[in-house]
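One structure is given here, and the rest of the page talks about it.
What follows is calculated from the coordinates using simple rules that are stated; it is not laboratory data. Please read these numbers as outputs of a predicted model, since none were measured by experiment. Because the Cβ atoms are built from the backbone with ideal geometry, glycine has one as well, and the counts that use them run over all protein chains shown.
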Amino acid sequence: MKNDLRWLIILILGVVSISTVLAVPTGPSTVTNLGSSRYSTSAAANISAIAGNVSEINFNASSITNTWQGYYGNITGTIVLGNSNNQSMYNWNLTSPAGQIYATRVIAVPVWTSVRCANQTEVNTEDTTLGVNQTTDQDSVNKTFINTTSFNSFYVGGLNVNTSQNCRAVQLYNSTGVSSTNFAEVLLSDTSNMIYTGLISNPMVGFDNRSHQFEMIVGENGHNGDTTATPYYFYVELH
């Protein structure tokens, strides 16, 4: 949808300095963009017209979303015990990391101590920001993030996020086109900004028949011919 779409990222992370405060998500050390792709559109259908005829025809077609950008990929990382000069006393390599990936459009660091599940007002505001008509657009935020029980509980710093809090969530597809709890995503907010939160799982076969540790989508306004690229800022929390 945009010229600089980034569909596949590998995050290599050195995280979590242990101090007297709770660990919080941190930016990735590196991000590797391995390419982008886009759903292919079909050629025009050819149906002959003959004067005097009336014909009953049915169509089946797919339209590319004007509301979402997708990301998917794998994670490598390390848990670190070190000081503010990035000098490590000890590292723990994570062969199969678990945790979360957070994405926000705001360059300022989220207020992690204020993070909670996004509420209905914030969902409505996000739809407005993305140019969505909630009445007619089936790919709205409100109609996409609807399942409140489709993810495993997790921590954002010291906050436990679970299904009892009426979080908006979605399950993205596996290789069979079925929604999968292995690729769950949750809508969070720091009360000022939407935070799209993809959950990291063990490597699973994803929508493209390849193994991934996460799939997630973020809102992007492509309505009415809008081709302006929108930067997203990513944070990761591993355990």
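Close amide-amide hydrogen proximity is noted between Asn147 and Ala169, each under 5 Å apart and 5 or more residues distant or on a separate chain (H modeled in the peptide plane; Pro and chain starts excluded). Round to a whole angstrom and tell me the spacing of the C-alpha centers of segment 38-98 and segment 118-186. When both Cα centres are located, 16 Å separates them.
What the phi angles of segment 70-83 give under the Karplus curve with 6.51, -1.76 and 1.60, with θ = phi - 60°, is a coupling list of x, 10, 7, x, 9, 10, 10, x, 9, 9, 10, 10, x, 10 Hz, glycine and proline written as x.
Rounded to the nearest 10 degrees, the inclination of helix 120-129 to the longest alpha-carbon principal axis of the chain is 60 degrees. Residues whose amide H comes within less than 5 Å of that of Val156, counting only those at least five positions distant or on another chain, are Val161 (H built at 1.01 Å from N in the peptide plane). Computed over the alpha-carbon atoms, segment 109-239 gives an Rg to Rh ratio of 0.95, Rh here being the Kirkwood radius from the mean inverse distance. When peptides 85-95, 168-178, 49-59 are sorted by average Cβ neighbour count within 10 Å, with the highest value leading, the order is 168-178, 85-95, 49-59.
I need the fraction of alpha carbon pairs in the chain separated by more than 24 Å, rounded to a whole percent.
On the way: 14176 of 28441 pairs.
Every Cα pair in the chain considered, those over 24 Å come to 50 percent.
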